[in-house]
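This report concerns only the one structure given below.
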Amino acid sequence: MIGSRESSPEPRRRRFRIGCLPIVLVVVAAIVLAIVYVLYPRTMPQTQPIPAAQLLEQIERLRPVSDFDGIPDLQERSIALFREAGRVLESPRCMNCHPRTDRPTQTDAMRPHTPWVSRGPDGAGEAAMRCSTCHREENYAASGVPGNPKWKLAPIEMAWQGKTLGEICRQILDPARSHMNREELFRHMVEDELVAWAWTPGGQRTPAPGTQAEFGAIIKAWLDTGGECPR
Amino acid sequence: MSYAIFVNGQIHHVEDDGQTPLLWVLRDTLKLTGTKYGCGVAQCGACTVHVDGQPMRSCTLPLEIVASSQITTIEAVEGAEAEAVRAAWLARDVPQCGFCQSGQIMCAVALLRTVGSPTDGDVDTAMSGNICRCATYNRIRAAIHDAAGTLRGQTT
């Protein structure tokens, strides 16, 4: 038939079309997922106790007093004993609170204490910014802030930071600076609860080497051998 | 465990773990949300409250040790020093975002109760533990001096 056209032999190309409804559904689903994600209750990270076995491996040991019996010269033995005790005295746990300025240091890296604090008239902070503003009577795991009933700085005349072990030795034996005679010094080392904190510092802080009892035994042996100081 | 704590002149009975920071008890249980959570590790001062009159960081204060203490939060701090600080804060338009301000004010009030005429050094020392991300430190210091002046005027 003239003028009539046959239908196109090519099949009509079908185009994939997305209607509004799936888009709306996807958007709604995304919003619902976001709300669920935001509102889903999360448990706070909890502190985990360190297994005792692992803890023992991590503890740095002190040499027993008997290890030094082989040193025949009494003065040399005394100095060697004090050098061993010095591993405790020079640990960050002790040094951080024996600063040479009015500011304590903190952490194993012995960085300046944050926030900024100053020793104040009694070594326990300035008015309205006392140590007790943050530090309690015991370590507090929730905040990581260490604590002890006696928390404060050593007197400035007992500054250890920047001093050699020999200078520290002569300092602690000088009652004018340590405010202790030898008997009181020994008691301080073995019985004082703030000194004891050095072995139970909590958190990620490295404890002082050994135990307070081992340390006390070394201090006693050092004093018994004359309390000699390294140069 | 149940604890009776004395907050803002009222006894509250709280059922919680004794190691819970006071900050969470104040905010979540007692709904005293003026005390802010900033860092949780005693580094910023936003959570400062008064415990028996002393400024303390409530994020590092376990519930079990404050059961026999008088706790005052920003919602109830009062007295001449608090009034002077409030007036000075308004006059100086101290806050910017305001998040740290309750801690700043609690520390400022505690300072003025201890030191009547603080020097710049006194202010810096007392307020050093209170961080302000908007850096309104100069206005804070000026407002504390203003408040101290107001208090001196009241006493002379």
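The values are calculated or read from the model by the stated rules, or taken from the named source; none is laboratory data. Note that this is a predicted model, so its numbers are computed, not measured. Here the Cβ is made from the backbone with ideal geometry for all residues, glycine too, and neighbour counts use every protein chain on show.
Looking at the stretch B:32-41, can you tell me whether even one residue there is within 11 Å of chain A (Cβ to nearest Cβ), under 14 Å from the mean Cα position of the chain (by Cα) and at positive phi?
Taking every residue of the stretch B:32-41 in turn, none turns out to be within 11 Å of chain A (Cβ to nearest Cβ), under 14 Å from the mean Cα position of the chain (by Cα) and at positive phi.
For the stretch A:199-225, give me each residue that is charged (D, E, K, R) and either surrounded by fewer than 19 Cβ atoms within 10 Å (Cβ to Cβ) or under 10 Å from the mean Cα position of the chain (by Cα) (or both).
A:ARG205, A:LYS220, A:ASP224
So which residues in the stretch B:56-81 are β-branched (Val, Ile, Thr), more than 12 Å from chain A (Cβ to nearest Cβ) and in a loop (DSSP other than H, G, I, E, B)? Even if it seems obvious, please write down each step before you answer.
Step one: filter the stretch B:56-81 for residues β-branched (Val, Ile, Thr), giving B:60, B:65-66, B:71-74, B:77.
From the residues that got through so far, the ones that are more than 12 Å from chain A (Cβ to nearest Cβ) too are B:71-74, B:77.
Correct list: B:THR73, B:ILE74, B:VAL77.
Tally up the residues in the stretch B:24-55 that are assigned to a strand (DSSP E or B) and touching a residue at least 60 places away in the same chain (Cβ under 8 Å), please.
2
Modelled with pLDDT under 95, surrounded by fewer than 18 Cβ atoms within 10 Å (Cβ to Cβ), within 14 Å of chain A (Cβ to nearest Cβ) and in a helix (DSSP H, G or I): does that describe B:GLY121?
yes
Restricting the stretch A:134-166 to residues that are charged (D, E, K, R) and in contact with a helix residue (DSSP H, G or I) (Cβ under 8 Å, 6 or more places away or on another chain), which is farthest from the other protein chains (Cβ to nearest Cβ)?
Step by step, filter the stretch A:134-166, then rank; the result is A:LYS163.
Can you say whether A:GLU184 is touching a Pro at 6+ places or on another chain (Cβ under 9 Å) and in a helix (DSSP H, G or I), as far as the supplied structure shows?
Working: touching a Pro at 6+ places or on another chain (Cβ under 9 Å): yes; in a helix (DSSP H, G or I): yes.
Answer is yes for this residue.
Counting only residues that are more than 7 Å from chain B (Cβ to nearest Cβ), of a type outside the set (Val, Ile, Thr) and touching a strand residue (DSSP E or B) at 6+ places or on another chain (Cβ under 9 Å), which one in the stretch A:100-121 is surrounded by the most Cβ atoms within 10 Å (Cβ to Cβ)?
This residue is A:PRO104.
State all residues of the stretch B:62-74 that are within 14 Å of the chain's Cα centre (by Cα) and either buried (at least 16 other Cβ atoms within 10 Å of the Cβ) or among the basic types (Lys, Arg) (or both); if no residue qualifies, say none.
Across the stretch B:62-74, the qualifying residues are B:ILE71, B:THR72, B:THR73, B:ILE74.
Which residues, taken from the stretch B:95-118, are surrounded by 23 or more Cβ atoms within 10 Å (Cβ to Cβ) and assigned to a loop (DSSP other than H, G, I, E, B)?
The answer is B:CYS100, B:PRO118.
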